[in-house]
Amino acid sequence: MTSQTSRTLEAVARIISLMLCASVSYAQGPTGEYQATKGSPTEPLFVVCRAEVPAHHTAYLSAAFVAHPISRAQKEFRKLVTAQYGAVGQVPCAGPFYGAVVKSIVQQWKDEARATNTVIVETDWAPSIATVVAPLNTITAAR
């Protein structure tokens, strides 16, 4: 291999390395955590959480929100519901999804609750780390 070819290959390798570093840097937030997948510029991807309080036969739904990491939001919702309503069973969170999918998941949760005589309470709660919050009744079903 000639020295010219070698220098060209080294330059290409440096460029590829810089591009990869830039893309990883772009995907990470200021704390080094990867950001949640973004929706279209006009429609964000939402998360919604449900907390069940078996002693009251009640399930509480959060507002739809955009936040990362989801596990932090889930812990915050569990803490809030436990403090206000009592011991919490499961706290599943679904997302990030487009509004239509979130609306479908919430409807499935409501149907499951009806089948077990569990009361559903829609709250306006969103985690402190949320960047966008939307009450469930404002999420559009069309995509």
>> Criterion first (among the aromatic types (Phe, Trp, Tyr), in a strand (DSSP E or B) and either modelled with pLDDT of 95 or more or surrounded by 13 or more Cβ atoms within 10 Å (Cβ to Cβ) (or both)) does residue 77 satisfy it?
In response: no
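Name every residue in the range 53-67 that is crowded, with 20+ Cβ neighbours inside 10 Å and of a type outside the set (Val, Ile, Thr), in order of residue number.
Going through the range 53-67, the residues crowded, with 20+ Cβ neighbours inside 10 Å turn out to be 53, 59-67.
The answer is 59, 60, 61, 62, 63, 64, 65, 67.
Any residue at all in the range 36-45 that is of a type in the set (Val, Ile, Thr) and at pLDDT 90 or above?
Taking the range 36-45 and keeping what is of a type in the set (Val, Ile, Thr), we get 37, 42.
Among the residues that remain, those that are also at pLDDT 90 or above are: none.
No, the range 36-45 contains no residue that is of a type in the set (Val, Ile, Thr) and at pLDDT 90 or above.
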> Under the condition of being over 18 Å from the mean Cα position of the chain (by Cα) and part of a loop (DSSP other than H, G, I, E, B), which residue from the range 80-90 is surrounded by the most Cβ atoms within 10 Å (Cβ to Cβ)?
Replying inline: 88
>> Being in contact with a Lys or Arg (Cβ under 7 Å, 6 or more places away or on another chain) and of a type in the set (A, V, I, L, M) is the filter here; which residues of the range 102-126 pass it?
In response: 120
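The values are calculated or read from the model by the stated rules, or taken from the named source; none is laboratory data. Model, not experiment: these values are computed from the prediction. Virtual Cβ from ideal backbone geometry, glycine too; neighbours counted across all protein chains shown.
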